[in-house]
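Below is one structure, written out as structure tokens, with a few remarks after it.
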Amino acid sequence: MNTLSYKGYQGHFEYDPQADLFHGEVLHLADVVTFQGRSIDELRQALADSVEDYLEFCALKGRAPEKPYSGRFNVRLDPGLHQRIAVMAATDGKSLNHWVADALSRAVASQNGEQTGGR
């Protein structure tokens, strides 16, 4: 998936060869926020402009803009796995939340070839 980010908002884009134009949409919002450009630089600027327009629109309407991610998500696990990771978290002296966040950070870093220092 082709994506760009601006202020934590992620936009997905595609190239339309018939129009010779990149076009995209900001993901994970109830409102439809689009952007387009003829080059990647124009596309980046268009994403920034669209996000800023969205934030301004929300301010004018007196409503809080949606945040692309709250930092919370629920995960359903097999009870046995839940118990095993709870024991591992306690053994590491961490809350279950911190243990899972660290494990996910390591997995993402590993996928991206990065190194992590832990929490």
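Within the straight-line cut-off of under 25 Å between alpha carbons, the lysines reachable from K7 are K61, K67, sequence neighbours fewer than 8 places apart in one chain being disregarded.
Helix 79-91 axis versus longest C-alpha principal axis of the chain: approximately 80°, rounded to the nearest ten.
The value of relative contact order for the chain, using C-alpha pairs under 8 Å at least six residues apart, is 14 percent. The residues packed around T3, meaning those with a beta-carbon under 12 Å from its beta-carbon, carry a net charge of -1 if Lys and Arg are +1 and Asp and Glu are -1.
Label sites at D20 and L104, each approximated as a point 7 angstrom past Cα along Cα to Cβ, lie 4.4 nm apart.
Principal-axis analysis of the Cα atoms of the chain puts helix 96-111 at an angle of about 60° to the longest axis. A simple rule links phi to the HN-Hα coupling: the Karplus curve 6.51 cos²θ - 1.76 cosθ + 1.60 with θ = phi - 60°, which for segment 39-45 gives 9, 5, 4, 4, 5, 4, 5 Hz, with x for Gly and Pro.
The share of Cα pairs per 5 Å bin across segment 3-61, counted from zero up to the longest distance, runs 4, 21, 32, 23, 13, 6, 2, 0 percent. Take the Cα of R84, step 7 Å toward its Cβ, do the same at A48, and the gap between the two points is 4.7 nm. Its Cα centre serving as origin, the chain has a Cβ charge dipole (Lys and Arg +1, Asp and Glu -1) of approximately 820 debye.
Computed per residue of the chain from DSSP H runs no shorter than four, each worth -39500 (n - 2.57), the mean residue ellipticity at 222 nm is -14500 deg cm²/dmol. Residues whose amide H falls under 5 Å from that of Q10, counting only those 5 or more places apart or on a different chain, are L27, with hydrogens built in the peptide plane.
May I ask for the Kirkwood hydrodynamic radius of the chain, worked out over all distinct Cα pairs and given in angstroms to one decimal? Let's see the in-between values first.
Details: mean 1/r = 0.0574 Å⁻¹.
Evaluated on the chain, it is 17.4 Å.
All of the numbers you see were taken from the coordinates with simple rules; none came from a lab. From a predicted model like this one, the values you see are computed outputs, not experimental measurements. Reconstructed Cβ throughout: ideal geometry from the backbone, glycine too, with neighbour counts over all protein chains shown.
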